[in-house]
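See structure below.
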Amino acid sequence: MQDKLMLMIPGPTPVAESTLLALAKAPIGHRTKEFSAIFADVVTKLKWLHQTTNDVLILSASGTGAMEAGIINFLSKGDRVLVGDNGKFGERWAEVCEAYGLQTERIRAEWGQPLDPEAFRAALEADTAKTIAAVIVTHSETSAGVLNDLATINRSVKAHGRALMMVDAVTSLGATNVPVDEWGLDVVASGSQKAYAIPPGLGFVAVSAKAWEAYKTADLPRYYLDLGKYREDAAKDTTPFTPAVNLIVALQAALAQMQQEGLDNIFARHRRQRNATRAAMKALGLGLLAADTHASDAITAVVPPAGLDAEQIRKALQQKFDIAMAGGQDHLKGKIFRMGHLGFVCDRDVLTAIAALEATLQSLGWTFPAGAGVTAAIGHLNA
């Protein structure tokens with residue numbers, strides 16, 4: 001049926017009608033008092049979401065653009081950095097660092113396994129000369145459905161003293177508790193198409209006072225992504241370049257809806273839907289790439305039964321029910337599919353997707369007790 005596509009992927013995520021209506025408004029000038037008032041309100045709301053009094057800067061860019069900006073504004077060529085690499089995005093940040101001539105050391109784990117905080121602690125404690133300038137960690141590794149132990153890693157970074165804590169929070173900010181000020185995180189990047197529940201196109205970077213001190217001597221090349229320009233203009237409720245005006249108007253509506261729900265309720269909803277999804281997959285006899293102890297609140301990576309290709313499942317699910325789930329990346333293509341449960345997703349959406357998945361698996365010849373997945377999910381959603 002036309003126009004019935006249901007997104008159950010880790011981004012873009014579904015968008016509320018009120019947000020879509022805000023997005024559909026006629027554009028206004030970005031140098032007007034009207035836009036400045038909207039911009040100021042959005043920045044205030046972003047600080048609420050980030051649980052910070054620090055700057056939260058808005059870029060017309062993807063989450064990758066926000067992360068690249070976070071890396072290049074506070075480091076200098078030849079700086080030594082530790083990068084956590086247990087998935088596609090940790091791997092990407094290491095590649096960005098290498099592209100800018102940073103001395104990049106990867107702390108690796110297998111896809112589906114969490115980063116080992118002890119490996120970071122050991123490397124940081126061994127650095128008695130304080131040569132490590134930054135530690136870069138993906139909080140929720142979207143490619144594998146893993147939530148890394150950012151809080152523990154961050155404590156070792158704080159004990160080191162010099163290193164900046166840089167965080168990819170693209171699929172955790174707004175889905176999982178990321179208390180920026182309480183933890184003293186220095187650079188936190190995220191993107192609009194995830195838990196913010198607006199279309200792609202905006203990136204966000206929260207920056208600490210410690211990071212701004214590093215900015216003064218950082219020498220990596222930058223122009224459009226020079227966060228100093230964004231900070232200077234944000235103080236005047238404006239932007240250095242033409243922003244994605246309508247997306248910022250839509251963001252105001254989405255953040256207002258998030259404030260109405262409240263942070264604790266938002267985090268509880270994502271955790272509840274994560275638990276329901278994982279219980280359903282187990283009841284259907286499917287595997288999970290990440291263990292319960294380090295499972296992402298935003299995305300569940302599912303291993304299909306032997307004899308069934310993940311791409312076959314995804315294709316049938318979309319053809320029969322117009323429900324989109326994400327595939328595996330790189331060496332996991334065809335070996336896993338990923339169900340997103342973040343942003344503007346309600347319990348009904350989770351149940352619908354699980355029921356459709358059951359029907360799809362049955363049509364492909366996989367047998368299990370009828371209704372097992374839905375029943376297991378209901379047990380968590382009603383808890």
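The values are calculated or read from the model by the stated rules, or taken from the named source; none is laboratory data. Treat the numbers as computed from the prediction; the structure is a model and nothing was measured. All Cβ positions, even for glycine, are placed from backbone atoms using ideal geometry, and neighbour counts span all protein chains on display.
Tabulated values for the structure
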{"quantity": "Count of residues meeting criterion [surrounded by 18 or more Cβ atoms within 10 Å (Cβ to Cβ) and polar (S, T, N, Q)] in region 332-363", "calculated": "1"}
{"quantity": "Counted residues, region 227-284 - those being farther than 30 Å from residue 375 by Cα and either modelled with pLDDT under 95 or not in a helix (DSSP H, G or I) (or both)", "calculated": "10"}
{"quantity": "Selected residue [outside any helix (DSSP H, G or I) and either out of contact with any helix residue (DSSP H, G or I) (no Cβ under 7 Å at 6 or more places or on another chain) or in the same structural domain as residue 295 (by TED's automatic domain parsing) (or both)] from 342, 317", "calculated": "342"}
{"quantity": "Some residue of region 281-288 being among the small types (Gly, Ala, Ser), touching a Gly at 6+ places or on another chain (Cβ under 8 Å) and surrounded by fewer than 16 Cβ atoms within 10 Å (Cβ to Cβ)", "calculated": "no"}
{"quantity": "Residue 47 being assigned to a loop (DSSP other than H, G, I, E, B), of a type in the set (Lys, Arg) and farther than 18 Å from residue 193 by Cβ", "calculated": "no"}
{"quantity": "Of all residues making up region 97-130, the number that are of a type in the set (Lys, Arg) and within 26 Å of residue 333 (Cα to Cα)", "calculated": "2"}
{"quantity": "Filter result (farther than 20 Å from residue 196 by Cα and of a type outside the set (A, V, I, L, M, F, W, C)) within region 23-41", "calculated": "27, 29, 30, 31, 32, 33, 34, 36"}
{"quantity": "Every residue from region 181-218 that is in contact (Cβ under 8 Å) with a residue 60 or more places away in the chain, among the hydrophobic types (A, V, I, L, M, F, W, C) and surrounded by 24 or more Cβ atoms within 10 Å (Cβ to Cβ)", "calculated": "187, 188, 189, 195, 197, 198, 202, 204, 205, 206, 207, 211"}
{"quantity": "Which listed residue is modelled with pLDDT of 95 or more and in a loop (DSSP other than H, G, I, E, B), from 28, 38", "calculated": "28"}
{"quantity": "Verdict on residue 134 being out of contact with any helix residue (DSSP H, G or I) (no Cβ under 7 Å at 6 or more places or on another chain), farther than 24 Å from residue 339 by Cβ and of a type in the set (A, V, I, L, M)", "calculated": "yes"}
{"quantity": "Residue in region 51-67 that is nearest to residue 118 (Cα to Cα), counting only those that are within 15 Å of the chain's Cα centre (by Cα) and surrounded by fewer than 24 Cβ atoms within 10 Å (Cβ to Cβ)", "calculated": "64"}
{"quantity": "Filtered residues of region 285-314 (kept if in a helix (DSSP H, G or I) and touching an Asp or Glu at 6+ places or on another chain (Cβ under 9 Å))", "calculated": "294"}
{"quantity": "Matching residues, region 289-327, being surrounded by fewer than 18 Cβ atoms within 10 Å (Cβ to Cβ), within 23 Å of residue 272 (Cα to Cα) and charged (D, E, K, R)", "calculated": "292"}
{"quantity": "Residue match in region 62-74 (condition: touching a Pro at 6+ places or on another chain (Cβ under 7 Å), under 16 Å from residue 198 (Cβ atoms) and either assigned by TED's automatic domain parsing to the domain that holds residue 201 or in contact (Cβ under 8 Å) with a residue 40 or more places away in the chain (or both))", "calculated": "yes"}
